[in-house]
Amino acid sequence: MIINQETHKIDFLVADDMFVKVIKTIYETELQELKYRNDHGTIRKLNKWAYQVISTGKIGFYNKKGNRRVDNLISLRRTIQKNRTRIASNFYGAKNEFMFTLTYANKVFDLEKLNADINAFNVRLKRWVSRENLGEIVYMFAREAHADGSWHIHMLIRFKDQKKVYIPNRFKYQNKKNQFTQKRTFEQIKRDKIDAPIFDLWGNGVVRVQRMNNIDSVANYLSTYMTNVLVDELDEKELAKVKKQGKTISPTVSDESKSYIKGQRLKYFPSNARIFSWSQNYVEPEVFMMKYGEARHTFGLKDENMNYRTANEVVIENDNYEKPFINRIVREGYNSKVTVKHNVFLSRQVWANWQAQTKEMIKNDIEWFKVHAPTYLANTAKAFVKFYHYNVLSEFDKDTKQGYLAWRKFVTKAEEKKYEELRRLYQDTLGISIQSFREVMTLAKYQQYVGVKG
């Protein structure tokens, strides 16, 4: 049984000849590299209560109470990761897809009531789909927990037989984004309804009907809802507790006025709660095992399409082993719908190009100054070169500088030493400090001599 599990970030790049697990969905592909991979089961399930260890024949019993926080968090992370790839295989931001957010006018804390309401809504929804002749649907329900123990629901739905579907959700006192312009009670909202069929089918509170065709990754979008918590959701007591634990509070990408706490929502789910439920006609992602270089070539995975990457060392303390078990897990996600400007591979290439160009520029500039520079410039030629690369390049090529800083986070110690030697090349070769140079050469003089050179 797992006693404790800790995860630490590491610097590691996967070599082309290393084997990876490839999880292929419609637009997204994930590569997973594990230092130790268990491709064969170590236990045989006997019944819902007991299992047998294959290597020893020992009989063990499942922890059905599931009241230990560490067990629940590990299980939740696995569940969300598994369903993330399943979502990416069935929902990809088409015009026939929606996300319904189903809320309660009066908070619901009972999980049995929540599930009963989901089942009742699902029955009514299928009848409505049939009456409207909308054909076959694929759907998924996700139950979202809050800090106070209450719940609301997200539903993803795709109308397989339709290219585009319109579902109205119109009320009085709404702006163009379907947001209420004044505070309304649930009873007032019901009276103000203009045309809102999903609101009628749900009947327990406000419903948000959201198109998914402007979202690059529906799977990542929903996973964010299921794991992260907005600071606005927490009361003062809970927020103080989070800050005391040293949790990082970060601004959201879409709205910097709002902040969130990564992974905090996982702690609000009760043990053994069923988080996701699917229709029977969903599609599982394709899975392959191959070498890293082969996978990148076979599926056309480009550096500019890599939208996330994690490299972690996982330390697991298990009561079956004397020493902790340490594994490495690297995940790279590629999305053909996304083009990014910065990631580890793009930054590495930018720095390599800059390195090659800089060596040539140093050589050319010094030779030019020896022949063409006037007397004053000749006396400060070495300082001029230094100014050009340290100040002007940094000022006018910020992407290069950012790329270098990003790459520095991932280089090995040997590579870092090599790049550090290059960085110091000017100081060692030209023999003048940056401070001394700045006292001599101004930007105006630099621009003047650029004109002379041109």
Amide N proximity, the range 299-315 versus residue 10 label position 7 Å along Cα-to-Cβ, cut-off under 13 Å: 311-315
Output wanted: per-residue J couplings in Hz (rounded whole) for the range 14-24, from phi through Karplus 6.51 cos²θ - 1.76 cosθ + 1.60, θ = phi - 60°, x for Gly and Pro. 7, 7, 4, 8, 7, 7, 10, 8, 9, 10, 9
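Just subtract the alpha-carbon distance of residue 193 and residue 339 from 0.36 nm times their residue separation and send over the number in nm, one decimal.
Details: separation 146, 0.36 × 146 = 52.56 nm, distance 4.09 nm.
Length gained between residue 193 and residue 339: 48.5 nm.
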Over the range 75-225, with every protein chain in place, what whole percent of the accessible area is carbon and sulfur at 1.4 Å, could you tell me? 45 percent
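So for each of 204-212, 161-169, 288-296 I average, over its residues, the number of other beta carbons within 10 Å; can you give me the resulting order with the highest mean first? Don't skip to the end; give the middle numbers.
Values: 204-212: 18.4, 161-169: 13.3, 288-296: 16.8.
Output ranking for 204-212, 161-169, 288-296: 204-212, 288-296, 161-169.
I need the Kirkwood Rh of the range 201-255: take the reciprocal of the average 1/r across all distinct C-alpha pairs and report it in angstrom.
Mean inverse Cα-Cα distance, inverted, gives 14.2 Å.
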The range 91-243, accessible area per residue, ligands and nucleic acids excluded (1.4 Å, Å²): 53 Å²
Could you give the nm distance between label points at residue 200 and residue 236, where each point is 7 Å from its Cα heading toward the beta carbon? 4.5 nm
The range 247-310 shape via C-alpha gyration tensor axes, a/c threshold 1.5: oblate
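Given the peptides 114-123, 130-139, arrange them by the average over their residues of other C-beta atoms within 10 Å, most packed first.
Details: 114-123: 16.0, 130-139: 13.9.
Put in order of decreasing packing, that is 114-123, 130-139.
The values are calculated or read from the model by the stated rules, or taken from the named source; none is laboratory data. Keep in mind that this is a model prediction, so the values were computed, not measured. Note that we place each Cβ from the backbone using ideal geometry, even for glycine, and neighbour counts take in every protein chain shown. Keep in mind that these areas ignore ligands, DNA and RNA; they rest on the heavy atoms of the full protein, side chains included. Shrake-Rupley method; radii C 1.70, N 1.55, O 1.52, S 1.80 Å.
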